[in-house]
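Report on one structure; see the data block that follows.
The values are calculated or read from the model by the stated rules, or taken from the named source; none is laboratory data. Remember, predicted model here, so these are calculated numbers, not experimental data. Cβ sites come from the backbone with ideal geometry, for glycine too, and all protein chains shown count toward neighbours. Ligands, DNA and RNA are stripped out before the accessible areas are found, and what is left, the full protein with its side chains, is counted by its heavy atoms. Shrake-Rupley method; radii C 1.70, N 1.55, O 1.52, S 1.80 Å.
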Amino acid sequence: MTGSFRRFGQYDVILLRDGLFEAPAEVLVHADGDAARQRAIETWGRPTLQVDVNCFALRDGDGITLVDAGTGTSWGPKYGHARSALLEAGMTPNQIRRILLTHIHGDHALGLFDGDAPYFPNAEVFVPERDFAFFTDPAARQTIPEARRSGFAIAEQLQRIYGSRIRRIGEGPVFAGIEARSLPGHTPGHSGYLVRGEKESLLIWGDALHLGDLQPGDPKIGLVFDLDAEMAARTRRAILEEAASEGWTVAGGHITGFGRVERVSEAYRIVPA
Ligand SMILES: [Zn+2]
């Protein structure tokens, strides 16, 4: 699962593949309602969805930063390969200085933990402020279905294990060459990270979209895992448009590899970069 580093601005970036997530096609939703949802499922044409689970390592002269942390050992032996990919790329958990979370979901955050200890003992964890506020609010817990509540337990674990090393961040520059972009909908504080380069910039857009060969063609297609489906659909269209017009390279929690967004009539497609 070793990849090769790509250069964006001051960072060498490597994609760490954690595993392959499978779900029935019934997890698809559509902002225009049930008939549109049925059409989306037919267009997909397969009984299951299969998407990569990714996180990223960014290396510069100042150390190593991760964007998301994979699942660790929490999702069993089919997952957690980001840890071995990190080692194969010549980096150890002790060397990780900073971790940027796109949002507080298990496939992005559980890799932070080694039981009740931090897997990255020397790292600060940067968390979008609005996700932190939401997933630590007992009242917010009641507003979403039981099956979607895992983020609350993870936020509790995060506070217990990383404590004073948590940094809550808003939109804008986080540190040299990296900006947080608010991409709400999948979760309230869901964020992407834009790695600015003079020649080429990289947007790591987290879970703004999951299916790189379906959702760009119809950004109103979502997954039940989007907590606010309508907001997620608006965010998805807006960030696809911005990525296309800016010419950014894109990558994320679940699309395959690195891509570029192109406009196709009223919608978009992702081509490999
Ligand atoms: Zn995810």
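Any idea how many residues of region 89-106 are within 16 Å of the ligand (Cβ to nearest atom) and open to solvent by 20 Å² or more (accessible area, probe 1.4 Å)? Reasoning before the result, please.
So the first thing to find is which residues in region 89-106 are within 16 Å of the ligand (Cβ to nearest atom), and the list is 99-106.
Narrowing further to those that are open to solvent by 20 Å² or more (accessible area, probe 1.4 Å): 105.
Adding up the residues that qualify gives 1.
From the list E266, E262, which residue is among the acidic types (D, E), at pLDDT 95 or above, more than 16 Å from the ligand (Cβ to nearest atom) and over 23 Å from C55 (Cα atoms)? Don't jump to the end; show me each part of the working.
Numbers: E266 fails: at pLDDT 95 or above.
Of the residues listed, the single one that is among the acidic types (D, E), at pLDDT 95 or above, more than 16 Å from the ligand (Cβ to nearest atom) and over 23 Å from C55 (Cα atoms) is E262.
Taking only pairs six or more apart or across chains, which ones have beta-carbon atoms under 9 Å, a first residue in region 166-177 that is among the acidic types (D, E) and open to solvent by 30 Å² or more (accessible area, probe 1.4 Å), and a second residue that is assigned to a strand (DSSP E or B) and at pLDDT 95 or above?
Listed pairs, sorted by first residue: E171/P128; E171/E179; E171/A180; E171/R181; E171/S182; E171/S191.
For region 218-268, which residues satisfy the criterion of being open to solvent by 50 Å² or more (accessible area, probe 1.4 Å), touching a residue at least 40 places away in the same chain (Cβ under 8 Å) and farther than 28 Å from G106 by Cα?
E246, V264
Given the options R181, R148, R196, name the one that is of a type in the set (K, R) and surrounded by fewer than 17 Cβ atoms within 10 Å (Cβ to Cβ).
R148
Taking the condition of being open to solvent by 50 Å² or more (accessible area, probe 1.4 Å), touching a residue at least 24 places away in the same chain (Cβ under 8 Å) and not in a strand (DSSP E or B), how many residues in region 1-36 meet it?
5
So, D213, is that one out of contact with any strand residue (DSSP E or B) (no Cβ under 7 Å at 6 or more places or on another chain), charged (D, E, K, R) and either free of Cβ contacts under 8 Å to residues at least 12 places away in the same chain or open to solvent by 50 Å² or more (accessible area, probe 1.4 Å) (or both) or not? Don't jump to the end; show me each part of the working.
On the way: out of contact with any strand residue (DSSP E or B) (no Cβ under 7 Å at 6 or more places or on another chain): yes; charged (D, E, K, R): yes; either free of Cβ contacts under 8 Å to residues at least 12 places away in the same chain or open to solvent by 50 Å² or more (accessible area, probe 1.4 Å) (or both): yes.
So D213 passes the test.
All but one of (1) more than 16 Å from the ligand (Cβ to nearest atom); (2) over 23 Å from V51 (Cα atoms) hold for A155; which doesn't?
So the condition that A155 fails would be (1).
Anything in region 62-79 that is among the aliphatic types (A, V, I, L, M) and either at pLDDT below 95 or more than 15 Å from the chain's Cα centre (by Cα) (or both)? List them, or say none. Steps first, please.
Residues of region 62-79 among the aliphatic types (A, V, I, L, M): 64, 66-67, 69.
Passing the criteria: only I64.
Where residues in region 182-222 are part of a strand (DSSP E or B) and closer than 12 Å to G253 by Cβ, which of them is farthest from the ligand (Cβ to nearest atom)? Before you say what the answer is, go through the steps one by one.
Pass one, region 182-222, residues part of a strand (DSSP E or B): 182, 191-195, 202-204, 221-222.
Next, only the ones that are closer than 12 Å to G253 by Cβ stay: 191-193, 204.
Details: S191: 13, G192: 13, Y193: 15, I204: 12 Å.
Selected residue: Y193.
Take R160 and decide whether it is open to solvent by 20 Å² or more (accessible area, probe 1.4 Å), outside any strand (DSSP E or B) and of a type in the set (K, R). Let's see the steps before the verdict.
On the way: open to solvent by 20 Å² or more (accessible area, probe 1.4 Å): yes; outside any strand (DSSP E or B): yes; of a type in the set (K, R): yes.
Judged against the criteria, R160 is a match.
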